[in-house]
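I have placed the structure first, in the form of structure tokens, so that the comments after it can refer back to it.
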Protein chains: 2
Amino acid sequence: SDPAADAVSRRQDTLTKPRGSLGKLESIAAWLARWQGRDMPRLDRVKVIVFAGNHGVTAQGVSAYPSEVTVQMVANFAGGGAAINQLARLAGAELSVIPLDLNHPTGDFTQTVAMNEAEFLAAVSTGYESVDEDLDLICFGEMGIGNTTPAAAIAAGLFGGTGRDWAGRGTGVDDSGLSRKFAAIDAGLARHAATLADPLAVAANLGGRELAAILGATLAARHRNVPVLLDGFVVTAAAAPLAKLHPEGLAHTLSAHVSAEAGHRQLLEALKLAPLLDLGMRLGEGSGACLAVNIVRSALECHARMASFAEAGVTDK
Amino acid sequence: SDPAADAVSRRQDTLTKPRGSLGKLESIAAWLARWQGRDMPRLDRVKVIVFAGNHGVTAQGVSAYPSEVTVQMVANFAGGGAAINQLARLAGAELSVIPLDLNHPTGDFTQTVAMNEAEFLAAVSTGYESVDEDLDLICFGEMGIGNTTPAAAIAAGLFGGTGRDWAGRGTGVDDSGLSRKFAAIDAGLARHAATLADPLAVAANLGGRELAAILGATLAARHRNVPVLLDGFVVTAAAAPLAKLHPEGLAHTLSAHVSAEAGHRQLLEALKLAPLLDLGMRLGEGSGACLAVNIVRSALECHARMASFAEAGVTDK
């Protein structure tokens, strides 16, 4: 039990609606209060940060698009032409894009580590530093051709299973691409088998720079009292090591949506996260998280501005 | 196949995202185009209309609240204190509230018809006339103490089954209230058994004024090229006779959400409608429909404003 969340629940029960009838909107208001540490939460400053990285494992033929698309899409974000530009504007969220050393892809994890310790810590640190103190809600997104492969590898590394259990078609690989993806993940798991018990080693050896940055940013959000909306499969996998490090490691996050990428639903189940939305999206960029911002705003507007039974002169049962 | 919807699909496939990766946002854009009859849909004018009515069947002890709450909540809507006021504002939607003869509840359908033909047609007509020509999207909501009982009775009348199959706790009746609800519905079905094959007779004999108005308004929206977001159990039951009258009778509607009210999921399945949201809400007022407006706006913003691969200089696969 948390004092701010309890204050929210007490107020909810006075508002002009049957008790509990706003469903998840009521629990979202309490969640905001708990992690902001305020009886009356606010959403004055909402931010979306998209981290971008490139991946050595694309050498294994795991993606439908070439790696050059990562930097092209970063330019598209800057020009305002991507989905996340439209969705962030509609959500009333600032958008920031942070490319991580795009000219230096990670190591191909079937052959070596994705990142050595210094590279991993640099990416985690970039993510950590990107989270301002005075944010009220944050969404993380990612762009990185090939990155559903490291995401699936992290999921398998943390929760067991093989490539086949966790990998999906990502941006749309065909059957042979999907088979190469399974094989690459299995090769990575075999190569790094000795370190799979260490969640941070899994993130470094099998992950990617943008995923490491999301891990760092999710941790920073916890330290800075900023609730987090998790986006799709890649973001969820990126943050998952925090749940392995501490049972409450992701308690300040909500899953915004379950994506159409094959492993996401299973990963959310492993993390005991219940997604707010299920719209068949599989774009990344923070697009699903951004869509959920309006749900969170709706929760707060109802909580903050509805009249009580007494104020409105409505007979309570 | 529809020309406007096809134009949307062709444009979607040029935008800077993997094909299909926006999931339902892509089909929503096509749905808007189809029912607005425009290659590029718009959402300049979105409206929520809440219809309110009172119900003779409350004499059977089927609701947790007294009927006086209907008019009190209409006053609360006027004062801006209800959930729908906050949600409509956030959705950028005009809110209109239309009370239907609140001082004259419908007949208790366990004893007589809920509405005679003149009363039913007057309510349908009020709903029909409430839909302006120049709207781009409309949501219907309802307020009426006791109205989950006529909603369940209509569902049973149209699709078979008994009170137990369709009724839930509404605003929160206890176990004995729920048993009275089952019994009232079963008594209504028995009394009006001879007319259950006529969907409009079901709506008149077992329904309510606000439900009849929603039926009329949903029909008007079809005639006036205005796509409709259906709210919860009561609104869906109110519109359901249109699906019985014509197999495409509700094709211009989307189910905004599935509510926590027991019969709603089953009713959506009977109507082959897939809800956009599932947030455990059971408030009515159009609250679930309003939450989905932002999803529809998101679909349109992405469709209208994203750059194409060619425009952004991004390599397509």
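Brief remarks follow.
- Distances in nm from A:Thr195 to the matching label points in the other copies, shortest first (labels 7 Å along Cα to Cβ): 7.6
- Average silhouette area of the protein assembly as shown, convex hull of alpha-carbon atoms, in square nanometres: 26.6 nm²
- Gap separating the Cα centres of the range A:274-302 and the range B:71-96, nearest whole Å: 23 Å
- For chain B, size of Cβ-based charge dipole, Lys and Arg +1, Asp and Glu -1, in debye: 680 debye
- Once the mean of 1/r is taken over each pair of separate Cα atoms and inverted, the range A:43-295 shows a Kirkwood hydrodynamic radius of 17.3 Å.
- By accessible area with a 1.4 Å probe, ligands and nucleic acids excluded, highest first: order of B:Glu119, A:Glu269: A:Glu269, B:Glu119
- Chain A versus the axis that turns it onto chain B: the residue with the nearest Cβ and the distance in whole Å amount to A:Asn294, 2.
- Long-range HN-HN contacts of A:Phe51 with modeled amide H, under 5 Å: A:Ile98, A:Gly141, A:Glu142, A:Met143
- Distance from the alpha carbon centroid of the range B:165-189 to that of the range B:101-117 works out to 18 angstrom.
- The range B:213-222 - phi-based ³J(HN,Hα) in whole Hz, Karplus 6.51/-1.76/1.60, Gly and Pro as x: 5, 5, 4, x, 5, 5, 5, 4, 4, 4
- Environment charge of A:Pro227, counting only residues whose C-beta is closer than 10 Å and scoring Lys/Arg +1, Asp/Glu -1: +1
- With both labels modelled 7 Å from their Cα along Cα-to-Cβ, the B:Arg45 to B:Asp6 distance reads 3.0 nm.
- Selected from B:Ala243, B:Ala256, B:Ala114 as most flexible by GNM, with chain B as the system and alpha-carbon contacts under 10 Å: B:Ala243
- Calculated label separations, B:Gly172, copies of the chain, 7 Å along the beta-carbon direction, nm: 4.9
- In this assembly, the B-A interface accounts for approximately 4500 Å² of buried accessible surface in total, computed with a 1.4 Å probe and without ligands, DNA or RNA.
- Percent carbon-and-sulfur accessible area, the range B:43-295, ignoring ligands, DNA and RNA, probe 1.4 Å: 52 percent
- For the range A:50-55, Karplus couplings with θ = phi - 60° (6.51, -1.76, 1.60), whole Hz, Gly/Pro x: 9, 9, 10, x, 10, 10
- Table column - 3J(HN,Hα) (Hz), the range B:42-48, Karplus curve with 6.51, -1.76, 1.60, x for Gly and Pro: 9, 9, 6, 10, 10, 9, 10
- Accessible area (Å², 1.4 Å probe, nearest 10) - B:Leu245: 90 Å²
- Under the simplified labelling scheme, the A:Glu248-B:Arg19 pair shows an inter-label distance of 4.9 nm, with each label point 7 Å from Cα along Cα→Cβ.
- Efficiency of FRET from Cβ geometry, B:Glu311 and B:Thr112, R₀ 60 Å, rounded to 0.05: 0.40
- Environment charge at B:Gly172 (Cβ cut-off 15 Å; Lys +1, Arg +1, Asp -1, Glu -1): +1
The values are calculated or read from the model by the stated rules, or taken from the named source; none is laboratory data. Since the structure is predicted, the reported quantities are computational estimates derived from the model, not experimental observations. Counting neighbours? That spans all protein chains shown, and the Cβs are built from the backbone with ideal geometry, glycine included. Only protein heavy atoms, including side chains, enter the accessible area calculation; ligands, DNA and RNA are left aside. Shrake-Rupley method; radii C 1.70, N 1.55, O 1.52, S 1.80 Å.
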